[in-house]
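Below is one structure, written out as structure tokens, with a few remarks after it.
The values are calculated or read from the model by the stated rules, or taken from the named source; none is laboratory data. Just so it is clear, the structure is predicted and the values come from calculations on it, not from any experiment. Don't worry about glycine lacking a Cβ; one is built from the backbone with ideal geometry, like all the others, and counts go over all protein chains shown.
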Amino acid sequence: MKANLETAKKYLKEREEVLSSLYCIIEFGYINRSGILVATNEKLLFCADYMFRNGLKWEFKYDKILNFNENNGVVYGAVPFIEKLLMHYEEDFIVFTNFSNPSKVNEFSKVIKSKVEN
């Protein structure tokens, strides 16, 4: 089943608010899963699509994000640019890619950067 914003809201605290969201793929070690990436006022949350029971979820506290950047790579062919969000979280390097709505990525990135810098 495709994870959606309602799926992600189940994992939020009472006063936690959704600031922005994107459908994408997370590349995390050997894991490569599609799902929804949600920025809240307290954390970054990724809820993976699932087939059985509850899907996987990862929570990333803003104060533990060491680096968060965008990366535009040139590709020759039908798609001129692949936009990625790169995150160094504690000891892990995480990539978010294949966005369903690439036009929202820059604004989403600004929201995260404003939280990481505070």
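What residue, of GLU27, GLU42, is over 24 Å from LEU12 (Cβ atoms) and modelled with pLDDT of 85 or more?
The conditions single out GLU27.
Every residue in segment 1-18 that is of a type in the set (A, V, I, L, M, F, W, C), surrounded by 14 or more Cβ atoms within 10 Å (Cβ to Cβ) and at pLDDT 90 or above, please.
Residues satisfying the conditions are ALA8, LEU12, VAL18.
Could you give me the residue pairs with C-beta distances under 6 Å whose first residue belongs to segment 5-20 and is acidic (Asp, Glu), whose second residue is assigned to a loop (DSSP other than H, G, I, E, B) wherever it lies, and which are 6+ apart or on separate chains?
Partner pairs satisfying both residue conditions: GLU16/GLU42; GLU17/ASN41.
Which residues, counting only those in segment 72-118, are assigned to a strand (DSSP E or B) and at pLDDT 85 or above?
LYS84, LEU85, LEU86, MET87, HIS88, TYR89, ASP92, PHE93, ILE94, VAL95, PHE96, THR97
For segment 13-28, how many residues are assigned to a loop (DSSP other than H, G, I, E, B), of a type outside the set (Lys, Arg) and either in contact with a Gly (Cβ under 9 Å, 6 or more places away or on another chain) or farther than 14 Å from PHE60 by Cβ (or both)? Steps first, please.
Within segment 13-28, the first condition is being assigned to a loop (DSSP other than H, G, I, E, B), and the residues that meet it are 13-17.
Narrowing further to those that are of a type outside the set (Lys, Arg): 14, 16-17.
Still in the running and either in contact with a Gly (Cβ under 9 Å, 6 or more places away or on another chain) or farther than 14 Å from PHE60 by Cβ (or both): 14, 17.
Residues in segment 13-28 being assigned to a loop (DSSP other than H, G, I, E, B), of a type outside the set (Lys, Arg) and either in contact with a Gly (Cβ under 9 Å, 6 or more places away or on another chain) or farther than 14 Å from PHE60 by Cβ (or both): 2 in total.
So ILE36 passes all but one of these: (1) surrounded by 19 or more Cβ atoms within 10 Å (Cβ to Cβ); (2) modelled with pLDDT under 95. Which condition number does it fail?
Going through (1) surrounded by 19 or more Cβ atoms within 10 Å (Cβ to Cβ); (2) modelled with pLDDT under 95 one by one, ILE36 breaks only (2).
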